[in-house]
Amino acid sequence: MSAIKTIIHLETDLHPIPVTTTEPEKRVERTKQLFEKMRNQCRSVVMAMENCTKCGRCAKECHVYLGTGDPDNIPTARADLMRAVYKKYFTAGGKLLGSFVGARELDDELLEKWVNYFYQCNECRRCAVFCPLGIDTAEVTIMARQILVYLGLIPKFHMSIAKQVDKTGNNMGIPKGACIDSCEFIEDEIREETGVDVKIPVDQKAEILYVPSSADFFTNFDTMVGAAKFFHAIGANWTISSEILEAGNFGLFFDHDFTMKSHNNRLVRVAKKLGVKKVVQGECGHGWRAARMYTPSLSGPVPFEITHIIEEAAAAIQRGQLKLDPSKNDDKIVTLHDPCNAVRSSNLMEEPRIVLRACVNNFVEMYPNREKNFCCGSGGGILMEEMIEWRKKVTQVKRDQVRATGANYLCAPCSICKAQFPVAFEGYEKEVPGFKIGGLMDLVGYALVLE
């Protein structure tokens, strides 16, 4: 069994998610009821249940299976954990022929496998790119996790994130005072470095609301510095908000019905309050997908544009608005990791390359790339400390990709990727002296010439 078994939240107090933990003896019946509801709502999942031919094409494309060697981590095999239930209760063949056609009664043993294996899927959707029928097993994973939420089976890590965001508007639990102090500190650092007075407005009426990752005030400090320098360089009328200091939206991974919707509603409310015309999302792959793809459908039509800071930077470069000196990054051989949710799910593919080529002289592509990239290994929110050894296993393929480039700077424009890679590349600096992991806006900040 995976370490997941030890980190499931079983308390009855599940605030802020408005569900009541299902008693163990009632879980099977409750699961069948939820499955019936979900299959009527999720046509993509029904398609996955009905059309998989078991060709096995997805096996060699899944980094989780390649890293763990566990046959239940083959995408189609993982989906079979749900498909067996679907066949048993919702198809004539399954009701009549049972196990002969792969149908299986839902019981506690199977439900436990749901918990273990659907929380080992990174929801990276790479299998869908290579599936001859276009089956997206990440949709199956998301549906399974949503059912588990309503049973009260939620990883403690995910629940802690949901509670922090509900309370403070960000994953790190940063209060308003600490936000203001951090911004003043960043302003001082930029002034000391450049001699230029760069301001980071907080909770101000503005044309642009910038939504960073809260980690940009701690571990990814240079990403926030780069963003601040960028907005100053283009003369933007911008602000950040202490009420939503978080691009990430963990609800995408496990709870669309409440957690993701609540975060998107907060974004809309704050943007309207500040009167902005544009919301610019920071470096967070899944947060970008949740904001761009789901806000209009979950929260209704929005009176503002939603863009990504990398899109904004690429457009500014093409307009000639930025004075960049790529030689400032000549100590770096840079390779680019394409974050799954930003690239494969949201088509943010060429803009990062436009920015990189303007900011660095030594850029080396890793292969495969773009929509065929491999996940960082913590997609789906698998950032738990308890899963560190598992996380190392599933990122061996990414480590091999980076090694083949000879790069000493791994550009990862996503907060989850930047949190995962220090685990994946532990000890790698002995192989590549000076090896560093950072964001794309970090490189913009290093190369920008401010006047």
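The values are calculated or read from the model by the stated rules, or taken from the named source; none is laboratory data. Quantities reported herein were computed from a predicted structural model and do not represent experimental measurements. Note: ideal-geometry Cβ built from the backbone for every residue, glycine included; neighbour counts use all protein chains shown. Please note that ligands, DNA and RNA were not included when accessible areas were found on the heavy atoms of the full protein model with its side chains. Shrake-Rupley method; radii C 1.70, N 1.55, O 1.52, S 1.80 Å.
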Task: Linear extension gain, Asp325 paired with Ala178, 0.36 nm per residue minus alpha-carbon span - done: 49.6 nm
Task: Cα radius of gyration and Dmax for region 153-205 (Å) - done: 15.6, 53
Task: Cα-based helix-to-principal-axis angle, 75-90 vs the chain, degrees rounded to 10 - done: 40
Open item on the list: With +1 on the Cβ of every Lys and Arg and -1 on the Cβ of every Asp and Glu, and nothing else charged, how large is the dipole of region 62-199 about its Cα centre, in debye rounded to the nearest 20?
Closed with: 920
Task: Furthest towards positive pole of dipole, Gly67, Ser241, Tyr409, structure part the chain, Cβ charges - done: Gly67
TODO: Express the accessible area of the chain per residue in Å², computed with a 1.4 Å probe while the remaining protein chains stay in the model.
DONE: 39
- [ ] Binning at 5 Å from 0, report for region 114-225 what percent of all alpha-carbon pair distances ends up in each bin.
- [x] 2, 9, 13, 14, 13, 11, 11, 10, 8, 5, 2, 0
Task: Two-site FRET efficiency, Ala315 against Met293, from Cβ-Cβ distance with R₀ of 22 Å, rounded to 0.05 - done: 0.60
- [ ] May I ask you to list the lysines whose Cα is less than 16 Å away from that of Lys60, ignoring any residue fewer than eight positions away on the same chain?
- [x] Lys372, Lys393, Lys398
TODO: Classify region 138-296 as rounded, prolate or oblate, taking a ≥ b ≥ c as the square roots of the eigenvalues of its Cα gyration tensor: rounded when a/c is under 1.5, otherwise prolate if a/b is larger than b/c and oblate if not.
DONE: prolate
Task: Rounded, prolate or oblate (a/c below 1.5 giving rounded, otherwise prolate when a/b exceeds b/c) for region 104-175 by Cα gyration tensor - done: oblate
Task: Sites Thr68 and Val302 - FRET efficiency at Förster radius 45 Å, r taken between beta-carbons, to 0.05 - done: 0.65
- [ ] Run the dipole for region 202-247 about the Cα centre, Lys and Arg Cβ at +1, Asp and Glu Cβ at -1, nothing else charged, and hand back the magnitude in debye, nearest 20.
- [x] 160
Open item on the list: Full-extension gain between Glu429 and Lys199, please, as 0.36 nm times their residue separation minus the C-alpha to C-alpha distance.
Closed with: 79.3 nm
Open item on the list: How big is region 318-385 along each principal axis, measuring the range of its Cα positions in Å and listing the largest first?
Closed with: 39, 27, 23
TODO: With a/c under 1.5 counting as rounded, go ahead and sort region 95-135 into rounded, prolate or oblate using the C-alpha gyration tensor (a ≥ b ≥ c being the square roots of the eigenvalues; past the cut-off, prolate if a/b is larger than b/c, else oblate).
DONE: oblate
Task: Cα pair distances exceeding 18 angstrom across region 340-438, given as percent - done: 47
TODO: Would you compute, for the Cα atoms of region 166-255, the largest minus smallest coordinate along each principal axis and list the three values in descending order, in whole Å?
DONE: 45, 27, 22
- [ ] Calculate what fraction, in whole %, of the accessible area of region 348-416 sits on carbon and sulfur atoms when a 1.4 Å probe is rolled over the protein chains.
- [x] 51
TODO: Sort Lys392, Lys54 from largest to smallest accessible area, using a 1.4 Å probe on the heavy atoms of the protein chains.
DONE: Lys54, Lys392
- [ ] Sticking with the crude label model, points 7 Å out along Cα→Cβ, report the distance from Asn51 to Asp166 in nm, one decimal please.
- [x] 3.7
Open item on the list: How large is the translational diffusion coefficient of region 44-148 in µm² per second when you combine the Kirkwood radius over alpha carbon pairs with Stokes-Einstein at 4 °C and 1.567 mPa s?
Closed with: 94
Open item on the list: Can you list, by residue number, the Cys in the chain that have no neighbouring cysteine C-beta under 4.7 Å?
Closed with: Cys42, Cys52, Cys55, Cys62, Cys121, Cys131, Cys179, Cys183, Cys284, Cys359, Cys411
Task: Simple spin-label estimate for Arg191 and Asn362 in nanometres, 7 Å along Cα-Cβ - done: 3.5
- [ ] Specify, per residue and in Å³, the volume enclosed by the convex hull of the alpha carbon atoms belonging to the chain.
- [x] 135
Open item on the list: Could you work out what % of the accessible surface of region 163-263 is carbon and sulfur, using a 1.4 angstrom probe and leaving DNA, RNA and ligands out of the count?
Closed with: 49
TODO: State the percent of C-alpha pairs, over all pairs in region 260-405, separated by a distance greater than 22 angstrom.
DONE: 52
